[in-house]
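The values are calculated or read from the model by the stated rules, or taken from the named source; none is laboratory data. Since we're looking at a predicted model, the values are computed, not measured. Cβ atoms come from the backbone with ideal geometry, glycine included; neighbour counts cover every protein chain shown. The protein model used for the area step is the full one, side chains on, heavy atoms only, and it has no ligands, DNA or RNA in it. Shrake-Rupley method; radii C 1.70, N 1.55, O 1.52, S 1.80 Å.
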Amino acid sequence: MNSQENTTSETTGLKPTKKDRKKFDLDLAYGQMHEDKVLDMLENKKVEVKTERGMWTTTGNIAIEFESYGKPSGINATESDYWFHNLAVGDDVYCTLVFETKNLKKIVEKLDNHRVVKGGDNWASKMYLVNLSKLFSTDTLKVYKQLSTEASNEENTTD
């Protein structure tokens, strides 16, 4: 077989065969739907952006402010639809975590493993100190699924 023969799209897997075409079409539609969701998120919604510097790289924790000077702030005051939490290494953003704000708020309040710490100007702010491993653990995913089910049930009873 010459080199041109094994560079056909079916041989390399770059183009689906007829057998795999239906799955490809479904995967493509699913991918495009989620691309549209991200586009909608960036164009038509309110976004809160926080950047975590330094400490997260050694502690594995992020801080989510909820009160300052005795008043709601951060997660408890934002009107954003989405919460972007940048994890920076020096001046570079290593990655960005994106949550629907209402979901993050519910999850953080329900976590059984977070601490409340003080920080900010004059140590007047209170923050949830959340471990990233715990935030993405199977226990937390179970809490999220439970909250989603409860919210869905509430919507169905109000209709």
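With respect to G60, determine if the residue is touching a residue at least 60 places away in the same chain (Cβ under 8 Å) and over 27 Å from L42 (Cα atoms).
yes
Looking at T158, T140, which is the one that is farther than 20 Å from I62 by Cβ and either touching a strand residue (DSSP E or B) at 6+ places or on another chain (Cβ under 9 Å) or modelled with pLDDT under 90 (or both)?
Of T158, T140, the one residue that is farther than 20 Å from I62 by Cβ and either touching a strand residue (DSSP E or B) at 6+ places or on another chain (Cβ under 9 Å) or modelled with pLDDT under 90 (or both) is T158.
Can you tell me which residue in the stretch 41-77 is farthest from the chain's Cα centre (by Cα), limited to those that are basic (K, R) and under 25 Å from F136 (Cβ atoms)?
R53
How many of the residues in the stretch 101-121 are farther than 28 Å from V38 by Cβ and either part of a helix (DSSP H, G or I) or open to solvent by 70 Å² or more (accessible area, probe 1.4 Å) (or both)?
Residues that pass the stated criteria total 6.
Out of the residues in the stretch 78-95 meeting the condition of being surrounded by fewer than 16 Cβ atoms within 10 Å (Cβ to Cβ) and more than 16 Å from the chain's Cα centre (by Cα), tell me which one is farthest from T57 (Cα to Cα).
E79
For the stretch 32-49, state whether one or more residues are touching a helix residue (DSSP H, G or I) at 6+ places or on another chain (Cβ under 8 Å), modelled with pLDDT of 85 or more and of a type outside the set (S, T, N, Q).
Checked against the condition, which is being touching a helix residue (DSSP H, G or I) at 6+ places or on another chain (Cβ under 8 Å), modelled with pLDDT of 85 or more and of a type outside the set (S, T, N, Q), the stretch 32-49 yields at least one hit.
Residue check: is V98 assigned to a helix (DSSP H, G or I) and open to solvent by less than 80 Å² (accessible area, probe 1.4 Å)?
For V98, the condition - assigned to a helix (DSSP H, G or I) and open to solvent by less than 80 Å² (accessible area, probe 1.4 Å) - is not met.
Scan the stretch 46-69 for residues that are open to solvent by 80 Å² or more (accessible area, probe 1.4 Å) and within 16 Å of C95 (Cα to Cα) and report the count.
Residues in the stretch 46-69 being open to solvent by 80 Å² or more (accessible area, probe 1.4 Å) and within 16 Å of C95 (Cα to Cα): 4 in total.
How do the pairs read when you match residues in the stretch 67-86 that are among the small types (G, A, S) with residues anywhere that are in a helix (DSSP H, G or I), using Cβ under 7 Å and keeping only pairs 6 or more apart or on different chains?
Once the first residue is among the small types (G, A, S) and sits in the stretch 67-86, its partners that are in a helix (DSSP H, G or I) give S80/T101.
How many residues are open to solvent by 50 Å² or more (accessible area, probe 1.4 Å), more than 30 Å from Y69 (Cβ to Cβ) and assigned to a helix (DSSP H, G or I) when one looks only at the stretch 122-151?
Total meeting the criteria: 10.
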